[in-house]
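Below you'll find the structure, written out as structure tokens, and then a few comments.
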Amino acid sequence: MPRLSHLQLSLAFAFFVTMASAQTIPSQPDSSTITATEADRDVPLTTDPSASFWQQTRPVFITGDTFGNPVPSHRTEVRSRWTKDSLYLLFISPYEQLNLKPSPQTATETNQLWNWDVAEAFIGSDFKNIRQYKEFEMSPQGEWVDLDIDLAKQGDKDAWKWNSGIKVSARIDRDRKIWYGAMRIPFASLGASSVASGTTFRINLFRCQGPTEGRHYLSWQPSMSKSFHVPEHFGTLVLASAKHPSR
């Protein structure tokens, strides 16, 4: 075997390290599925992505607008966990300029919150009537609104009066230009009397970001429309066991 040069040895070592890292770092495939990892109990909401609660997750990323056009400056990470009673979502949301509602109210829900900066989750449990689902929104200031959507009732002005029992927490890191938002959604509000590893829901994830002029409408699964309300393009949420998080 010929003797390897110092450069060849260095390149070989770098290749070995890269391959070893690729085998030990879990990845979330670019697909239409988000996997929520089981937790053994409900916990107080935290927006700290380094917290142990948010470590055992396989994130997905919102990378483009509703037509699938890339928006790299707003690449949003979403992590998910679940317990027997609740679904948890964490949004890690870079921004350029925030569009915030003056005098925010966080004790009660804020109707038409979508006119400002928000992160959103649309979730349905009915795989036969996909035009019925729930809408959950939160702002960087901790405002929230939840809606019971039935697309057969176009223009239903009472949809926001539904109460899911959602809890939210949010904070803004102005130095890094990232805002963090966590949701805890009761499964009972999704029409699920009980859940287990392998339970699935229909889901899509969104953001509205920035001032009216040049506003970004971001979508995890492109709706191929100016509207978010296209359930035919939702993805799938899968509840996975902590022992088998990839399932």
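One residue alone among Glu135, Glu109, Glu120 is assigned to a loop (DSSP other than H, G, I, E, B), closer than 27 Å to His74 by Cβ and acidic (Asp, Glu), and that residue is Glu109. For region 92-132, filtering for residues that are of a type in the set (S, T, N, Q) and in contact with a Ser or Thr (Cβ under 8 Å, 6 or more places away or on another chain) leaves 3. Just so you know, in region 138-167 the residues that are assigned to a strand (DSSP E or B) and more than 22 Å from Ser80 (Cα to Cα) include one that is least open to solvent (accessible area, probe 1.4 Å), and it is Ile149. Of all residues in region 94-124, those being open to solvent by 40 Å² or more (accessible area, probe 1.4 Å) and either among the aromatic types (Phe, Trp, Tyr) or within 17 Å of the chain's Cα centre (by Cα) (or both) number 2.
Arg184 meets the stated requirement of being open to solvent by 30 Å² or more (accessible area, probe 1.4 Å), more than 25 Å from Ser73 (Cβ to Cβ), touching a residue at least 40 places away in the same chain (Cβ under 8 Å) and of a type outside the set (Val, Ile, Thr). Residues that are surrounded by 13 or more Cβ atoms within 10 Å (Cβ to Cβ) and closer than 23 Å to Ala159 by Cα within region 210-234 comprise Tyr217, Leu218, Ser219, Ser223, Ser225, Phe228, His229, Val230, Pro231, His233, Phe234, listed in sequence order. Somewhere in region 203-216, is a residue polar (S, T, N, Q), within 14 Å of Lys84 (Cα to Cα) and more than 19 Å from the chain's Cα centre (by Cα)? No, region 203-216 contains no residue that is polar (S, T, N, Q), within 14 Å of Lys84 (Cα to Cα) and more than 19 Å from the chain's Cα centre (by Cα).
Ala170 meets the conditions (1) part of a loop (DSSP other than H, G, I, E, B); (2) more than 16 Å from Phe127 (Cα to Cα); (3) of a type in the set (Gly, Ala, Ser) in every case but one. The failed one is (1).
The requirement of being open to solvent by 40 Å² or more (accessible area, probe 1.4 Å), touching a strand residue (DSSP E or B) at 6+ places or on another chain (Cβ under 6 Å) and either part of a strand (DSSP E or B) or modelled with pLDDT of 95 or more (or both) is not satisfied by Arg202. Total residues in region 69-108 satisfying the condition of being without any contact (Cβ under 8 Å) to a residue 60 or more places away in the chain and among the aliphatic types (A, V, I, L, M): the figure is 2.
Residues of region 235-247 that are open to solvent by 40 Å² or more (accessible area, probe 1.4 Å) and over 13 Å from the mean Cα position of the chain (by Cα): Ala242, Lys243, His244, Pro245, Ser246, Arg247. Is it fair to say Asp173 is acidic (Asp, Glu), touching a strand residue (DSSP E or B) at 6+ places or on another chain (Cβ under 6 Å) and open to solvent by less than 40 Å² (accessible area, probe 1.4 Å)? The answer is no for Asp173.
The values are calculated or read from the model by the stated rules, or taken from the named source; none is laboratory data. Quick caveat, the model's predicted, so the values are computed rather than measured. Neighbour counts run over all protein chains shown; Cβ positions are idealised from the backbone, glycine included. Side chains included, ligands, DNA and RNA excluded: accessible areas come from the protein's heavy atoms. Shrake-Rupley method; radii C 1.70, N 1.55, O 1.52, S 1.80 Å.
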